[in-house]
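Student: Below: one structure in structure tokens.
The values are calculated or read from the model by the stated rules, or taken from the named source; none is laboratory data. Only a predicted model underlies this, so the values are computations on that prediction, with no experimental measurement involved. To get the accessible areas, we keep the full protein, side chains included, count just its heavy atoms, and leave off ligands, DNA and RNA. Shrake-Rupley method; radii C 1.70, N 1.55, O 1.52, S 1.80 Å.
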Amino acid sequence: MLKNLLAVGVIGTAILVTGCQTTPNAAAGIQANNLSLLQSKTWYLTQIGHTEIKTTADRNTPTLQFDQATQRLSGSDGCNRIMGSYTAGRDTLTLGPVASTRMACLNNSNIDQQFNEALAKTANYQAYGKTLKLTDRHGNVVLQFTSEVPQQ
């Protein structure tokens, strides 16, 4: 009887220790995956604040790309090409100075201005699968993107 209790205790301890060791590693893998998702795609704007943006795969759709090798941000706000620098942590995103170059602007909406104002408020990100949310320092979503190419 004592041998059986001892065996159960040893097996239970082994399972408990193994479970404790694998759980943090799995969580760390998810966080690292978010960072790789952020930096491996072209992101198409779908929402500014609570306002949904109808997107199409043309040059007037605001986009962002994050280049992991150079830590450069590039893209378009719909009327301007934008370039800048960034640093990203597990869930933080710090944008350096963003410069813009005027290009042909065929859309008459104020999306470009709203996009740039929201981009300036960005402090954090959440990247899950095909969705990227940029949030302000209070956790409010200021910009939302998809990595799926919008249909015309």
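Student: So how do ASP112, ASP77 rank on accessible area, 1.4 Å probe, biggest first, that is with the largest at the start? Intermediate values should be presented prior to the final figure.
Tutor: Details: ASP112 25, ASP77 0 Å².
Largest accessible area first, the residues go ASP112, ASP77.
Student: Residues with amide H under 5 Å of LEU93's amide H, sequence separation 5 or more or different chain, H placed in the peptide plane at 1.01 Å from N; which?
Tutor: ASN124, TYR125
Student: Quick one: which residues, 5 or more positions from GLY78 or on another chain, have an amide H under 5 Å from its amide H? H modelled 1.01 Å from N in the peptide plane, none for Pro or chain starts.
Tutor: Amide H neighbours of GLY78: THR63.
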